[in-house]
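**Student:** For reference, the structure I am asking about is given below.
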Amino acid sequence: MQDKDILTFFWTLPLYEMEHESQPLNYFTHLFGHEGENSLLSYLISEGLALALEAGGDHEMSSFSSFMVNITLTKVGLENYEKVVEAVFQYAQRVRDAGPQIKIVEECRDLGVMKFQFADKGNAL
């Protein structure tokens, strides 16, 4: 296994743990982690800057929420990390400017329902 160069972005946010209806961390994870057309990852790959991207959030000590994006860089991406940083913050600004999109909220909800319905049965203990 070879070492990979990973660029990590970490944001601390207000505590969203009780936001069961809107689930903002799930929303951000869905948008930043999207791998299809017009996604952050598709742009970075097309520019030869990245190989992979993962995003996720968590709630910390019942006092704040956190959101993280990890990007596995190519050699070109490592050499041009400023361009990657700029792309991430431009994408974040686009998400902010667009505001909450009901279509995306519904998509996240539907995916959550499907994950629950088709989850493997767990151990009874």
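**Student:** Do the sum for the chain: with -39,500 (n - 2.57) for every DSSP H run of n ≥ 4, divided by all residues, what is the mean residue ellipticity at 222 nm, to the nearest 500 deg cm²/dmol? Could you put the intermediate results ahead of the total?
**Tutor:** Details: 5 runs with 56 residues, N = 125.
After summing the helix terms and dividing by residue count, I get -13500 deg cm²/dmol.
**Student:** Next question, about the same structure. In what sequence do LYS75, LYS83, LYS121 fall when counting other Cβ within 10 Å, fewest first?
**Tutor:** Details: LYS75 10, LYS83 14, LYS121 5.
By the 10 Å Cβ count, ascending: LYS121, LYS75, LYS83.
**Student:** Given R₀ = 30 Å, what would the calculated FRET efficiency be for ALA98 paired with ILE6, taking r from the Cβ atoms and rounding to 0.05?
**Tutor:** Details: r = 27 Å, r/R0 = 0.91.
Step by step, r from the Cβ atoms, then E = 0.65.
**Student:** Along the positive direction of the dipole of region 6-117 (beta-carbon charges: Lys, Arg +1; Asp, Glu -1; about the Cα centre), which of GLY48, PRO24, ALA87 reaches farthest?
**Tutor:** The Cα lying farthest towards the positive end belongs to GLY48.
**Student:** Another one. For Cα Rg over 2.2 N^0.38 Å, the listed values are [x] 1.18; [y] 1.51; [z] 0.93; which was obtained by calculation from the structure presented?
**Tutor:** Step by step, Cα Rg over 2.2 N^0.38 Å for this structure corresponds to label [x].
**Student:** Round to the nearest 0.05 the FRET efficiency obtained for ASN80 and MET114 when R0 = 35 Å and r is the Cβ-Cβ distance. Could the numbers behind the result be given before it?
**Tutor:** Working: r = 38 Å, r/R0 = 1.08.
Here the calculated transfer efficiency is 0.40.
**Student:** So what are the ³J(HN,Hα) numbers for region 76-92, from phi and the Karplus equation (6.51, -1.76, 1.60; θ = phi - 60°), rounded to whole Hz, Gly and Pro as x?
**Tutor:** Couplings: 5, x, 5, 5, 10, 4, 4, 5, 5, 4, 4, 4, 5, 6, 5, 5, 4 Hz.
**Student:** With angles folded into 0 to 90 degrees, how steeply does helix 24-33 sit against the dominant principal axis of the chain? Use alpha carbons for both and round to 10.
**Tutor:** 40
**Student:** Let me ask you something else. Going by C-beta contacts inside 10 Å, put PHE9, PHE28 in order with the fewest on the left.
**Tutor:** PHE9, PHE28
**Student:** Got the relative contact order for the chain handy, in percent, Cα pairs under 8 Å and 6 or more residues apart?
**Tutor:** Averaging sequence separation for qualifying contacts and normalising by length gives 28 percent for the chain.
**Student:** Okay, moving on. What order do you get for VAL105, VAL85 when you list them from fewest to most C-beta neighbours inside 10 Å? If you can, show how the numbers build up before the last one.
**Tutor:** Details: VAL105 17, VAL85 13.
Lowest to highest Cβ neighbour count: VAL85, VAL105.
No lab work stands behind these numbers, since they all come straight from the coordinates. Bear in mind that the values here come from a model prediction, so they are computed numbers and not experimental data. Methodologically, a virtual Cβ is constructed for each residue, glycine included, from the backbone with ideal geometry; neighbour enumeration extends over all protein chains shown.
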